[in-house]
């Protein structure tokens, strides 16, 4: 088995997602497959299907953020989820990573390395294949048809990447969003009945920049009640906020949605003369592919 690198020719097909926006990335049924690379700001993002025992060689000195979506690798961060209530770094300190199980990875390279937070959304414009389908919009623009709670908030999101298996089933949806200082992007629990356009998911967030200083995920008993906030800095991801059973599988509500407590993201309250954004990658993983161990 030959070593793989991020320059290995792609075996992943890419096209616009017809129903939900963003891009559909189709992976083969088995074997090594590496997606094209997209860039936004200082970052590059690729997705890697790494079969068991396959070695992936990363660029020397790159120290990328390495997010395990499914499976397990032989180095930090090892698994898709830290323990509940914990925060861990995804910064990969080695240039050689081997899959211990068939795995799906997201590799995010950071050209700046030192966390310089974006101050203008134009700094995060996507380039790469079909990047015209990866345009940023405000939360209000995205959700105006169903709610006005985001009206006036300095928060933005971009349609992302639907990672599909060979049978067209979605393994995960990966997208990105930003929040400015003091911005709360709502207290929610994902309890709505799943649909074709909004399937059930178990989520984890990887922070690329904490521009507001103390931005983080919070949990509370109900909307308006006191919050327990977990600050997450650049390169870190949090453990599951969703509930799991004794086997580490996501608990499902009667309507098929994943069971969550009330939670949300709160931007930090650091006062600055120039807006600095929190930049977050959201991984919404199909519950059938999730086990927290």
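FYI, it's all coordinate maths here, none of it is from the lab. All of these numbers come straight from a predicted model, not from anything done at the bench. Cβ atoms come from the backbone with ideal geometry, glycine included; neighbour counts cover every protein chain shown.
Subtracting the Cα-Cα distance of residue 57 and residue 182 from 0.36 nm times their residue separation leaves 41.0 nm of extension gain. With each label modelled as a point 7 angstrom along the Cα→C-beta vector, the residue 72-residue 30 pair spans 2.1 nm. If you find the alpha carbon centre of segment 130-151 and of segment 245-293, how far apart are they in angstrom? Going from one Cα centre to the other spans 19 Å.
Subtract the Cα-Cα distance of residue 228 and residue 91 from 0.36 nm times their separation in residues, and report this length gain in nm to one decimal.
46.8 nm
Once the convex hull of the C-alpha atoms of segment 12-110 is built, how many Å³ does it hold per residue, rounded to a whole number?
Each residue corresponds to 123 Å³ of Cα convex hull volume.
If R0 is taken as 30 Å, the Cβ-Cβ distance between residue 18 and residue 191 corresponds to a FRET efficiency of 0.65.
Stretched out straight at 0.36 nm per residue, the stretch from residue 8 to residue 255 would grow longer than its current Cα-Cα span by 84.7 nm. Take every Cα pair under 8 Å whose residues are at least 6 apart in sequence, average their separation, divide by the length of the chain, and the relative contact order is 20 percent. With volume of the Cα convex hull per residue in Å³ defined as stated, name the option among (1) 255; (2) 148; (3) 129 computed from the structure displayed. The listed entry that was calculated here is (3). The helix-based estimate of mean residue ellipticity at 222 nm for the chain, built from -39,500 (n - 2.57) per DSSP H run of four or more residues and divided by its residue count, is -500 deg cm²/dmol to the nearest 500.
Put simply, the C-alpha atoms of segment 76-142 give a gyration tensor, and the ellipsoid matching it has half-axes of 28, 16, 16 Å, longest first. Rg over Rh for segment 121-289 works out to 0.95, both radii taken from alpha-carbon positions and Rh defined as the Kirkwood radius.
Summarising the label geometry, the points placed 7 Å from Cα in the beta-carbon direction at residue 165 and residue 137 lie 3.1 nm from one another. Between residue 275 and residue 129, what is the FRET efficiency for a Förster distance of 30 Å, r being their Cβ-Cβ separation, to the nearest 0.05? Calculated transfer efficiency: 0.50.
Note on segment 79-203: Cα convex hull, mean projected area over all directions, 11.0 nm². Taking the centroid of alpha carbons for each part, segment 163-211 and segment 22-72 are 19 Å apart.
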